[in-house]
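Asks: Dumping the structure here so I can ask a few things about it.
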Amino acid sequence: MTFKRIRKAVFPVAGLGTRFLPATKTVPKEMLPIIDRPLIQYAVDEAIEAGCDTLVFITNRYKHAVADYFDKAYELEQKLERAGKLEQLELVRHPLPEGVRAIFVTWAEAPAAGHAVLCAKEVIGDEPFAVLLPDDLIWNRGPGALKQMADAAEARGASVIAVQDVARESTGSYGIVATEAFDGRQGRINAIVEKPKPEDAPSNLAVVGRYVLNPRIFGLLEATQPYGAGGEIQLTDAIATLLTEEVVNAYRFQGTRFDCGTHIGLIEATIRYALDHEKLSDPARDMMARALGELGVRDQD
Ligand code: G1P
């Protein structure tokens, strides 16, 4: 099967972000920063690095900040220019590289990933595409996770889903897959279940928020029965049908994933990026040692 190189990426950003209330009352969770860049910027950079030139944001009326972030900020640019702050000016002048466009699809509700992806159907058309859940931040010194996956999808001619091992007791927070034996980083998926209890989980191999999908998924999403109180369409359910029709591979990406949809994940990501930061690494290390030392002293009291 030929599988065209992905050019389009979907970012479901319409979630309410209730875990981060009260901050997310006015700041979309995708705009929470790791050091000085919002989460969405990391996901967008990863998609662009993978070769995407069309970024599709599934958003809602509370998320103007995301659209504003990728728009021009004329007043701010003027002020920075007049103040001679050229370094800062460069940081805001080109919200997206040349040739890359952002498309916003608004949806009245806060849809689950499946519904959100379906909202992108008309924009994606009939070509393979990526889905990135910006809560999952993936850090790697080499090529980003999505680039690794796009290469793998193209080479094998099949959809690819990012996975990683998680603790058995955490299966209820993830889509969980069962696969055939891995060949290198890839293994064919033969079952996928959304958020099973540990005792029902087919393995402890969890889906991480990066997908490279055949557009066939749209038809399957349309045919997927919504369930739950909000009548949600789950991406996992449509993928479960896709893998009965064709090969879908799980991909163990190279990199470290931070679950920035949780408090501790966001803290962990901040610490790791600080420790890897050109200017912040040393002061961050000192500050952490001091903080741990002070805690140690207090704990002994
Ligand atoms: C979504 C998916 C789930 C996946 C997870 C990865 O769940 O539905 O299959 O494992 O992202 O972060 P959510 O965390 O949005 O509830």
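No value in this document is a laboratory result; all are computed from the given coordinates. What you see is a predicted model; the values in this text were computed from it and never measured. Every residue, glycine as well, gets a Cβ built from its backbone with ideal geometry; the counts of neighbours run over all protein chains shown.
Asks: Filter the range 206-242 down to residues that are crowded, with 21+ Cβ neighbours inside 10 Å and over 24 Å from GLY15 (Cβ atoms), then give me how many there are.
Replies: Residues in the range 206-242 being crowded, with 21+ Cβ neighbours inside 10 Å and over 24 Å from GLY15 (Cβ atoms): 1 in total.
Asks: What is the residue count in the range 188-211 for residues that are in contact (Cβ under 8 Å) with a residue 40 or more places away in the chain and within 15 Å of the ligand (Cβ to nearest atom)?
Replies: Going through the range 188-211 one residue at a time, the tally reaches 12.
Asks: Mind listing whichever residues of the range 1-30 are outside any loop (DSSP other than H, G, I, E, B) and more than 13 Å from the chain's Cα centre (by Cα)?
Replies: The initial filter retains those residues of the range 1-30 that are outside any loop (DSSP other than H, G, I, E, B), namely 8-12, 18-20, 23-25, 29-30.
Scanning the range 1-30 gives LYS8, THR18, ARG19, PHE20, ALA23, THR24, LYS25.
Asks: Another question, then. Picking from ALA250, ALA284, which residue would you name as being more than 27 Å from ALA150 (Cβ to Cβ) and touching a residue at least 12 places away in the same chain (Cβ under 8 Å)?
Replies: Only one candidate passes the filter, namely ALA284.
Asks: Restricting to helices (runs of 4 or more DSSP H) lying wholly in the range 81-167: which have 1 or more residues that are more than 17 Å from the chain's Cα centre (by Cα), more than 16 Å from the ligand (Cβ to nearest atom) and closer than 20 Å to THR236 by Cα?
Replies: Counting at least 1 such residues, we get 121-124, 145-156.
Asks: Here are the criteria: (1) charged (D, E, K, R); (2) over 26 Å from THR24 (Cα atoms); (3) within 21 Å of the chain's Cα centre (by Cα). Tell me which single one ASP68 does not satisfy.
Replies: (2)
Asks: Test each condition in (1) surrounded by fewer than 19 Cβ atoms within 10 Å (Cβ to Cβ); (2) within 25 Å of ASP276 (Cα to Cα); (3) in contact (Cβ under 8 Å) with a residue 60 or more places away in the chain for ARG37 and report the one that comes out false.
Replies: Result: ARG37 passes all but (3).
Asks: Name the one entry in ILE35, ILE48, ILE58 that is on the phi > 0 side of the Ramachandran plot and either among the hydrophobic types (A, V, I, L, M, F, W, C) or over 16 Å from the mean Cα position of the chain (by Cα) (or both). Give the steps one after another, and end with the answer.
Replies: On the way: ILE48 fails: on the phi > 0 side of the Ramachandran plot; ILE58 fails: on the phi > 0 side of the Ramachandran plot.
Unique residue meeting the criteria: ILE35.
Asks: How many residues, within the range 168-187, are within 21 Å of the chain's Cα centre (by Cα), of a type outside the set (Ser, Thr, Tyr) and within 15 Å of the ligand (Cβ to nearest atom)?
Replies: Of the residues in that region, 4 qualify.
Asks: Further question on the same structure: Just the residues that are in contact (Cβ under 8 Å) with a residue 60 or more places away in the chain and loosely packed, with under 15 Cβ neighbours inside 10 Å, please, taken from the range 257-275.
Replies: If the condition is that a residue be in contact (Cβ under 8 Å) with a residue 60 or more places away in the chain and loosely packed, with under 15 Cβ neighbours inside 10 Å, then THR262, HIS263 are the ones that fit.
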